[in-house]
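Data first, discussion second: the structure below is written as structure tokens.
The values are calculated or read from the model by the stated rules, or taken from the named source; none is laboratory data. Being a predicted model, the structure only gives us computed values, none of them experimental. With ideal geometry, Cβ positions are generated from the backbone for all residues, glycine too; neighbour counts draw on all protein chains shown.
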Amino acid sequence: MRFEAAEMFERGVRPLEVARRLRVSRKSAYAWREGGSAALAFRGPGGFPCQLGDVQAERLQAELEAGRAAHGWAEDQRWTLARVAELIHGLSGYRYTLRGVSYLLHRLGWSPQVPAHRAVERDERAVARWRTEQWSRVRGRPSSWARGSSSRTKPGRI
């Protein structure tokens, strides 16, 4: 898109027309025209650089592998983003958002996982019984629904 803008400017197309054709803001088009090729050059991904250095990231990796219980979360054996954010703050003093923790963990090779275990209190017979007896009633049948509009604000005609 930036190269298309450069070609349009070379042909004498005005910035407003470039913005309209490329569906960008007028401010971007004017900045591209005024800044020349330097303004059109790719500057890399946006966002803030990672606050943790390589040594700190390796230490975080080691602490994560040590497990949750090693850091006082013995009642539940799962790492949550909030817990990892708290761990990072304790280790480095940096505060990460949950989204930032997610990106950092992905960069370190960690992925979100669903626990492989089931709750101890789970009653498989009760679950099977509910599925056979209750699910069909809860789910309902589309043919039994009344005709109407898909809009919540406009009632259907009968």
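Give the residue that is nearest to Q51 (Cα to Cα), with candidates limited to residues of region 118-134 that are at pLDDT 80 or above and of a type in the set (K, R). So the residue we want is R122. The residue pairs whose first member lies in region 22-44 and is closer than 12 Å to A6 by Cα, whose second member is modelled with pLDDT under 70, and whose beta carbons are closer than 6 Å, counting only pairs six or more residues apart or on different chains, are A31/A39; W32/A39; W32/L40.
Only residues that are under 16 Å from G53 (Cα atoms), within 21 Å of the chain's Cα centre (by Cα) and outside any loop (DSSP other than H, G, I, E, B) were counted across region 88-117, and they come to 8. In summary, A62 fulfils each of the numbered conditions (1) closer than 21 Å to Y103 by Cβ; (2) surrounded by 14 or more Cβ atoms within 10 Å (Cβ to Cβ) with the single exception of condition (2).
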